[in-house]
Amino acid sequence: MNNQKIAILDYGLGNLYSVKQALQYLELERVIITKDVNEIEHADKLILPGVGAFGAGINGLRDAGLIEAIIKHVSLEKPLLGICLGMQFLATQSEEMGTQEGLNIIPGSVVPIQNLSDSSSKTLKVPIVGWMDLQSKSTNNHNNDILKGLANRSVYFVHSYQFIPNENNDILATYEYGNRTITAAVKKDNVIGVQFHPEKSGPAGIDILKSFAFDM
């Protein structure tokens with residue numbers, strides 16, 4: 001029985017209930033959706049989901065007074081999982097709709113995916129939507145990471161911007177799309193971000209959420 005309290009942050013954007021249902025499938029009993037700072041302070045783990053534009057999302061976090069709560073949680077070395085836009089929030093800044101400041105938890109930039117082409121030089125469409133195979137980039141800095149054993153398994157992506165960390169060692173996994181290698185997951189200390197949606201990624205996604213819930 002896992003009695004840890006997992007808080008899914010509610011700031012107006014994200015697949016909140018899909019994430020909660022996926023965790024409840026694992027028979028986790030203390031999963032809440034909240035924007036209450038007191039609840040967040042007493043949570044063992046946080047999940048920061050997100051869909052949509054970076055600026056709207058980071059402003060939603062700010063308006064809800066959640067940024068300080070997130071930073072405090074991370075400073076206490078408690079685990080945090082950012083999903084899709086939630087992963088991009090971990091960066092220093094984003095170039096979406098002008099320069100936007102991120103949380104700077106994992107230093108790096110979120111930039112548009114441009115000039116994609118396949119082997120025949122055919123232009124590929126953005127946003128990228130669909131199932132892609134993960135390629136693990138784990139190093140000795142990432143022992144017992146949540147993607148362990150998931151190399152070459154497919155997960156579901158929807159995005160048009162990519163997170164490029166300042167440090168290559170912060171990249172946990174990538175995927176190949178046309179002529180590009182794109183960051184699929186990042187990790188720094190107790191913080192993990194995944195660009196894909198584990199709650200929409202079938203058994204592979206459930207395994208990732210299980211590892212976050214039980215192994216971190």
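The values are calculated or read from the model by the stated rules, or taken from the named source; none is laboratory data. What you see is a predicted model; the values in this text were computed from it and never measured. When we count neighbours, we look across all protein chains shown, and the Cβ atoms used for this are built from the backbone with ideal geometry, even at glycine.
Which residue pairs have Cβ atoms closer than 7 Å, lie 6 or more positions apart in sequence or on different chains, and pair a first residue in the range 171-182 that is in contact (Cβ under 8 Å) with a residue 60 or more places away in the chain with a second residue that is in a strand (DSSP E or B)?
Tyr177/Ile128; Tyr177/Met132; Gly178/Ser117; Asn179/Ser117; Ile182/Gln162; Ile182/Thr174; Ile182/Tyr175
State the number of residues belonging to the range 60-90 that are under 18 Å from the mean Cα position of the chain (by Cα), surrounded by 15 or more Cβ atoms within 10 Å (Cβ to Cβ) and of a type outside the set (Val, Ile, Thr).
So the answer is 17.
Mind listing whichever residues of the range 160-216 are part of a strand (DSSP E or B), in contact with a helix residue (DSSP H, G or I) (Cβ under 8 Å, 6 or more places away or on another chain) and not charged (D, E, K, R)?
Tyr161, Phe163, Leu172, Ala185, Val186, Val191, Ile192, Gly193, Val194
Is there any pair linking a residue in the range 70-89 that is touching a residue at least 60 places away in the same chain (Cβ under 8 Å) to one that is among the acidic types (Asp, Glu) and part of a helix (DSSP H, G or I), with Cβ under 9 Å and at least six apart or on different chains, and which?
Ile83/Glu199
Residues that are of a type outside the set (A, V, I, L, M, F, W, C), at positive phi and either under 14 Å from the mean Cα position of the chain (by Cα) or modelled with pLDDT under 85 (or both): does the range 138-147 have at least one?
Checked against the condition, which is being of a type outside the set (A, V, I, L, M, F, W, C), at positive phi and either under 14 Å from the mean Cα position of the chain (by Cα) or modelled with pLDDT under 85 (or both), the range 138-147 yields at least one hit.
Give me the residue from the range 27-54 that is more than 27 Å from Tyr161 (Cβ to Cβ) and at pLDDT below 90 and, out of that set, surrounded by the most Cβ atoms within 10 Å (Cβ to Cβ).
Leu28
State whether one or more residues within the range 59-66 are of a type outside the set (Val, Ile, Thr), within 20 Å of Ser211 (Cα to Cα) and part of a loop (DSSP other than H, G, I, E, B).
no
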